[in-house]
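Notes follow once the structure below has been shown.
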Amino acid sequence: MSDLSVTILAETINDAQAIERLHERTFGPGRYALSAYRLREHVDHLLDLSFTARIGTLMVGSVRQLPICVGNTPALLLGPLTVEPPFRDRGVGRVLLDRALKDAKARGHGLVLLVGDEAYYSRVGFKRIPKGRATMPGPVDPARLLVCELTDGAFEGISGAIRPDWTFAPSPR
C-alpha cells in the first residue's frame, strides 16, 4: 500500500448513504439474501467500531461491526468489509480489518465472527468454527463461518445460535 495514502476514520451517520452505494456497487442486490444480512436487519452496527477508508476525500472502503451473541456469549459480527474494485489488492481491506480488530479489543470485546474466505481472513487471526458449534439464522457454508479470538481462549466452550445482541442501543441514523 506504499503508493496510497489511506486515512481510516470511524464511521459517522453522515457516511451511511455513501456506504450503502458502495455496498450496492460491490455486492449488488443479492446481498440482502445472505444470512449475515438477516442479523443486520435486527440490530444496527456500532459506529465506534465501524470504519471508512479514504484517499483524500474519496471513500474507497468500509468495514462494519455489530453486536451479536453466540448462545449467551456477547461477540461482534464483522462485515461487510468492502473496497472499491480499483483499490483492491492494495492493502486497503487489511488496514480496515486491523483497525476494526484493534479497536474491538481495546473496548474489551473478546470475539469477532464473520462469514468469509478463510484464506483471506486467516491472515489477521480468523479460523474456521467447527461445524455445528455456532449456527447462523439461515443457510451458510460452515467452511465460511470464522472466528477471531481477541483474547486467548475466548471461544473455548462457546456454542449456540448466532443472534443479534439487543442489549446495545440502536445506532442513530
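We did not get these values from a lab; they are worked out from the coordinates using the rules stated. Since the model is a prediction, treat every value here as computed from it, not as a measurement.
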Exercise for review: Report, in cubic angstrom per residue, the convex hull volume of the C-alpha atoms of the stretch 6-164.
Suggested key: 106 Å³
Point to revise | With Cα atoms, 0 to 90° folded angle of helix 16-27 axis to the chain main axis | key: 80 degrees
Check your understanding: Using Cα atoms only, what is the angle between the long axis of helix 92-106 and the major principal axis of the chain, expressed in degrees (0 to 90) to the nearest 10?
Key -> 50 degrees
Check your understanding: Want the number for A161 to S5: 0.36 nm per residue separation, take away the alpha-carbon distance, what's left?
Key -> 52.1 nm
Point to revise | the stretch 55-173, relative contact order [Cα under 8 Å, separation at least 6], % | key: 30 percent
Review point. Using 0.36 nm per residue, how much length does the chain from D152 to D89 gain when fully extended, once their Cα-Cα distance is taken away?
Key: 19.7 nm
**Study point:** Whole-angstrom gap from the stretch 33-107 to the stretch 130-146, using each part's C-alpha centre
**Key:** 19 Å
Check your understanding: What is the diffusion coefficient of the stretch 90-173 in µm²/s, taking the Kirkwood radius over Cα pairs and the Stokes-Einstein relation at 10 °C with a viscosity of 1.306 mPa s?
Key -> 113 µm²/s
**Study point:** Net length gained if the chain between A143 and K105 were fully extended (0.36 nm per residue, minus Cα distance)
**Key:** 11.2 nm
